[in-house]
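The values are calculated or read from the model by the stated rules, or taken from the named source; none is laboratory data. This one's a predicted model, so the numbers in the text were calculated from it and none came from an experiment. We place every Cβ from the backbone using ideal geometry, glycine too, and count neighbours over all the protein chains shown. To get the accessible areas, we keep the full protein, side chains included, count just its heavy atoms, and leave off ligands, DNA and RNA. Shrake-Rupley method; radii C 1.70, N 1.55, O 1.52, S 1.80 Å.
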Amino acid sequence: MKQSLMIGLVVLIALAIGIGLAARHADDRHIPVAVVEDDGSVRYTCAMHPEVDLAAPGNCPICGMALIPKQRETAGPGTVHIDPAMVQNLGMRTATVTRGALSAGITAQGAVMEDEQRVTVITSRTSGWVEKLLVDGTGDVVTAGQPLARLYAPALESAQQELALARKLDDASLISAAIARLRNLGIDDTDAGGRAVLRAPADGVITTLMIRDGAEVGPGMPLMTLTDLRQVWVRAEVPEAQAPGLVRGQPVSLQVPGGGSDTIAGHIDTVYPELDRDTRRVGVRVVVDNPDLRLRPGMFAQVHFKGATATPVLRVPSEALIRTGRRNTVIVAEGDGHYRPVAVTPGREVDGDTEILDGLMEGDRVVVSGQFLIDSEASLRGAFHRMGDDGAIR
């Protein structure tokens with residue numbers, strides 16, 4: 001389908017140009033002047049089909065356009081000539097290869113997630129039962145030392161009796177051993193009767209709750225999870241071409257929905273080593289302080305990476321590149337209607353500009369509009385057929 005549309009576009013352009021050429025020929029303003037070779041012979045070709053090479057004037061056997069004298073080859077191998085009238089009709093534009101710093105900023109979409117280093121799982125260290133749950137449920141904000149649940153466990157009662165006996169005997173070593181046993185069970189020495197209060201080991205938000213009143217618990221069983229959201233992670237995805245410029249510690253600013261123009265500061269913690277083969281993007285983990293709990297896990301954020309001052313590089317508009325999958329090419333305008341395909345090595349792409357690592361020089365002019373038609377069979381088929389994978393003209 002795409003190929004059919006391209007062929008149709010080329011045919012329409014060819015018809016329009018042919019009509020224009022015929023009209024100008026009719027009023028004697030476009031009379032071709034033959035370029036005579038050293039041996040006195042004259043060859044004719046078609047402006048749309050440069051592979052046509054005939055000894056007499058006439059019409060192109062492919063498209064019917066009037067033939068024009070074939071010019072003496074004055075440019076290097078692989079260079080083709082495009083009639084100035086065709087250039088104007090195609091609306092071709094060119095841009096100069098410049099040297100300058102690519103924009104250091106990168107903007108990407110990210111998602112807020114828990115800081116995995118600030119997640120605490122509370123587990124049971126003995127068998128027993130939950131007598132009373134002392135929090136409402138997930139989402140509750142708790143502080144270190146706050147009561148979470150009241151438990152009963154036979155092992156606790158035995159340890160508490162040992163502590164009471166050691167205190168009665170006033171034996172310091174027994175007291176110390178009994179207290180250590182209670183602490184190994186996750187309980188302090190202030191409770192008795194086999195009952196104890198489970199307390200929060202740190203500040204946080206209850207993000208999972210696996211127990212209810214009357215629930216039986218066993219050794220190693222997770223009871224609830226606390227997450228300290230005063231610092232969170234934001235994971236963003238950036239194109240692989242932009243990832244090399246990102247480093248640990250680099251400053252970052254974020255904006256969240258509903259936050260207006262307010263920004264939140266953060267910094268890069270990790271640039272993930274793997275590349276997503278489907279999206280061709282690299283994951284970046286950002287650390288953000290969140291003292292007011294404004295950022296919530298699952299929230300979207302727009303992440304702007306602030307880069308250091310970049311070293312000036314050769315750069316061209318990204319639209320100038322022809323990417324075929326096997327090579328990256330630009331069309332260089334050499335003046336006087338001559339154009340030449342050049343294989344290039346692109347680097348980073350930022351804000352519509354692409355870094356050129358090899359293949360061009362500062363001051364070269366490249367085609368940024370209409371280059372795909374030049375790349376078509378109409379103009380450069382022969383030149384590209386002689387170009388190898390390395391971009392050299394054969």
Q: Give the accessible surface of region 285-338 per residue, rounded to a whole number of Å², with probe radius 1.4 Å and ligands, DNA and RNA excluded.
A: 52 Å²
Q) On full extension of the chain, what length is gained from Arg212 through Ala111, given 0.36 nm per residue of separation minus the C-alpha to C-alpha distance? A) 33.2 nm
Q: Subtracting the Cα-Cα distance from 0.36 nm times the residue separation, let me have the gained length for Ala55 to Val121 in nm, one decimal.
A: 15.0 nm
Q: Report, by chain and number, residues whose modeled amide H sits under 5 Å from the one on Asp203, excluding near sequence neighbours (fewer than 5 apart, same chain).
A: Ala144
Q | Highest-first arrangement of 311-321, 133-143, where packing means the average Cβ count within 10 Å | A | 311-321, 133-143
Q) Can you work out ³J(HN,Hα) from phi for every residue in region 268-283, in order, using Karplus 6.51 cos²θ - 1.76 cosθ + 1.60 and θ = phi - 60°, giving whole Hz and x for Gly and Pro? A) 5, 9, 8, 9, 4, x, 8, 10, 6, 5, 7, 9, 6, 10, 10, x
Q | Stokes-Einstein D in µm²/s, Kirkwood radius over Cα pairs - region 260-350 at 37 °C with 0.692 mPa s viscosity | A | 184 µm²/s
Q | Mean separation of Cα contacts under 8 Å, 6 or more apart, over the residue count of region 221-377: relative contact order % | A | 21 percent
(Q) Cβ neighbours within 10 Å, averaged per peptide: list 272-282, 343-353 in order, most packed at the top. (A) 343-353, 272-282
Q | Amide H contacts under 5 Å for Thr270, placed H, 5+ residues apart | A | Arg285
Q. Taking θ as phi - 60°, what are the ³J(HN,Hα) couplings along region 42-57 by the Karplus curve (6.51, -1.76, 1.60), each to the nearest whole Hz, with x for Gly and Pro?
A. 10, 10, 10, 9, 9, 5, 8, 9, x, 6, 5, 9, 10, 8, 9, x
Q) How would Arg248, Arg340 line up by accessible area, probe 1.4 Å, largest first? A) Arg248, Arg340
(Q) Amide H of Leu148 versus every other amide H placed in the peptide plane: which residues, excluding those fewer than 5 positions away on the same chain, fall under 5 Å? (A) Leu198, Arg199, Ala200
Q.
Could you give each residue of region 122-132 its phi-based ³J(HN,Hα) in whole Hz, using Karplus coefficients 6.51, -1.76, 1.60 with θ = phi - 60°, and x for Gly or Pro?
A. 9, 10, 7, 9, 7, 7, x, 9, 8, 7, 7
